[in-house]
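Below you'll find the structure, written out as structure tokens, and then a few comments.
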Amino acid sequence: MNLMVESNLFESVKKNLCSCSADLALDENIEALLKTPRREVSVAIPVRMDTGKIQVFQSFRVQYNDALGPMKGGIRYHPDETIDTIRGLAAIMTWKCALHDLPLGGAKGGVICNPKALSERELERLSRSYVQEMFPYIGPDRDIPAPDVYTDARVMAWMMDEYSRIAGKTIFGSFTGKPVLLGGSEGRGEATALGGWYAIREAMHRRERDFSGITVAVQGFGNVGAHAALLGQELFGARVVAVSDSRGAIYNPDGLAVRDLVEHKKKTGSVIRFPGATNIPGEEILTLPVDVLIPAALENTITSRNADQVRAAVVAEFANGPTSHEADEILFGSGITVLPDILVNAGGVIVSHFEMIQNFTMDHWDRNKVARKLEGKMVGSFKTVSDLAENNNVSLRKAAYTLAVGRVAGAMRLRGWA
Ligand code: GLU
């Protein structure tokens with residue numbers, strides 16, 4: 001397999017879709033629509049830099065499908081962003097919302113930029129300009145963006161403010177993942193990792209494996225990866241033996257003190273050179289003998305090049321699209337349980353939906369209520385997907401896609417789209 005083709009996320013997502021279209025007996029018009037984004041907005045945004053010069057940033061919003069409701073999905077800031085990656089991620093959002101029965105469609109946005117090289121003011125001007133350009137296409141009943149790779153609550157606050165200024169009134173429901181003081185939900189910051197851990201716990205129970213003290217390797221130490229390690233250790237009793245970031249990986253088979261590691265990363269800018277741990281090359285984290293491997297960084301981490309070296313019993317995709325379609329088949333053949341992204345990392349968008357409900361009803365839920373409702377959602381969806389996978393003897397990904405795509409196709413049929 002040509003690695004260029006294999007590593008095109010949108011192609012990989014379309015192959016996942018094809019793998020369930022026969023079981024669903026999809027009409028060819030519906031299938032063609034399901035493989036095509038409904039709207040793509042691409043804008044070159046001029047931003048005045050601190051030097052006074054203008055720099056132009058290419059930006060996208062792909063609105064994939066809104067059969068089930070207004071579209072939803074994050075905005076990423078990344079130097080290697082491409083429109084095809086955004087298309088794949090927007091499709092993934094569509095299936096993710098459908099799988100968890102949220103009344104939402106799927107979208108994704110991105111800006112090609114290196115946020116680490118921008119000042120705070122430049123980042124704010126870029127974020128506000130993005131909203132000015134996208135204003136006609138987004139909004140609480142059209143498309144509601146949220147944080148993603150290298151965007152956070154601070155960026156959402158600027159964006160919500162800009163949207164509200166243009167609209168002439170405060171509209172909290174225009175963005176999710178906001179600071180709690182500005183209509184954000186309690187628990188949104190750690191929601192993806194917490195939801196993911198509920199699913200890992202259910203998977204371990206289902207396989208009748210001992211859950212306490214399981215060993216974990218976490219690839220990526222951004223918002224999702226750091227929370228995955230922290231919650232794994234402190235709330236779920238896991239032994240986090242390895243973590244990595246873009247500079248390398250560290251390993252200690254006896255376990256890492258994750259809270260100290262978070263401080264170490266804050267101070268030094270990386271997880272490497274953590275006292276008491278061994279530095280190893282970044283990619284070796286994927287091949288360690290652990291109970292659970294958590295890819296929590298970017299897409300295309302596990303491909304046909306390295307899939308046969310994975311030694312974890314379970315791969316939990318906290319990132320979007322970390323496993324290519326080809327690698328997924330290799331892992332399934334090796335008896336490794338893959339908890340697919342659309343199932344296991346939905347905690348973020350589930351709590352985003354809770355945030356929308358709180359904004360629309362002018363309410364504020366406490367942290368316990370958010371966690372309880374998130375747990376109910378994750379446990380329920382995990383059971384539905386696992387039952388189907390077991391009954392049909394297929395992978396969890398195929399079962400999850402069958403359920404999700406079936407719901408989107410059903411809504412399209414009812415709306416008379418094909
Ligand atoms: N960026 C997150 C995801 O990929 C959350 C999206 C949202 O909350 O809308 O699922």
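Worth a mention:
- Some residue of segment 110-127 being open to solvent by 10 Å² or more (accessible area, probe 1.4 Å), assigned to a loop (DSSP other than H, G, I, E, B) and aliphatic (A, V, I, L, M): yes
- Filter result (within 16 Å of the ligand (Cβ to nearest atom) and open to solvent by less than 60 Å² (accessible area, probe 1.4 Å)) within segment 128-141: Y130, V131, M134, I138, G139, P140
- When every residue of segment 278-292 is checked against the conditions, at least one turns out to be in contact with a Lys or Arg (Cβ under 8 Å, 6 or more places away or on another chain) and charged (D, E, K, R).
Residue-wise test of (1) surrounded by fewer than 24 Cβ atoms within 10 Å (Cβ to Cβ); (2) over 24 Å from R407 (Cα atoms); (3) over 22 Å from the mean Cα position of the chain (by Cα).
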position	(1), (2), (3)
T303	yes, yes, no
Q309	yes, yes, yes
V315	no, yes, no
T323	no, no, no
E326	yes, yes, no
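- Candidates A319, A296: the one that is among the small types (G, A, S) and open to solvent by less than 10 Å² (accessible area, probe 1.4 Å) is A319.
- Residue check, Y130 touching a strand residue (DSSP E or B) at 6+ places or on another chain (Cβ under 7 Å) and either in a helix (DSSP H, G or I) or under 22 Å from N359 (Cα atoms) (or both): yes
- Here I92, I83, I144 are screened, and the one residue that is under 29 Å from E11 (Cβ atoms), away from the ligand (no atom under 16 Å from the Cβ) and either at pLDDT 95 or above or touching a strand residue (DSSP E or B) at 6+ places or on another chain (Cβ under 6 Å) (or both) is I83.
- When segment 172-201 is filtered for residues that are acidic (D, E) and within 14 Å of the ligand (Cβ to nearest atom), only E190 remains.
- Yes/no for R415 being modelled with pLDDT of 95 or more, under 24 Å from the mean Cα position of the chain (by Cα) and open to solvent by 20 Å² or more (accessible area, probe 1.4 Å): no
- Taken as a whole, the structure leaves A249 outside the set of residues that are touching a Leu at 6+ places or on another chain (Cβ under 7 Å) and either without any contact (Cβ under 8 Å) to a residue 24 or more places away in the chain or buried (at least 16 other Cβ atoms within 10 Å of the Cβ) (or both).
- When residues in segment 200-224 are screened for being assigned to a loop (DSSP other than H, G, I, E, B) and open to solvent by less than 10 Å² (accessible area, probe 1.4 Å), 2 of them pass.
- Helices (runs of 4 or more DSSP H) completely within segment 292-390 that count 1 or more residues being within 16 Å of the ligand (Cβ to nearest atom) and under 25 Å from F211 (Cα atoms): 341-344, 347-360
- Some residue of segment 2-16 being open to solvent by less than 20 Å² (accessible area, probe 1.4 Å), farther than 27 Å from L118 by Cβ and of a type in the set (A, V, I, L, M, F, W, C): yes
- Of all residues in segment 388-412 being free of Cβ contacts under 8 Å to residues at least 12 places away in the same chain and of a type in the set (A, V, I, L, M), the one that is most open to solvent (accessible area, probe 1.4 Å): V394
- Within segment 175-190, the presence of a residue that is crowded, with 21+ Cβ neighbours inside 10 Å and either part of a helix (DSSP H, G or I) or of a type in the set (A, V, I, L, M) (or both) is excluded.
- Listed by first and then second residue, the pairs with beta-carbon distance under 8 Å, at least 6 apart or on different chains, first residue in segment 138-160 and in contact (Cβ under 8 Å) with a residue 60 or more places away in the chain and at positive phi, second of a type outside the set (G, A, S) and within 10 Å of the ligand (Cβ to nearest atom), are Y150/R76.
The values are calculated or read from the model by the stated rules, or taken from the named source; none is laboratory data. None of these values were measured; they are calculated from a predicted model. Neighbour counts are summed over all protein chains in view; Cβ atoms, including those assigned to glycine, are modelled from backbone coordinates with ideal geometry. SASA here: full protein model, heavy atoms, side chains in, ligands and nucleic acids out. Shrake-Rupley method; radii C 1.70, N 1.55, O 1.52, S 1.80 Å.
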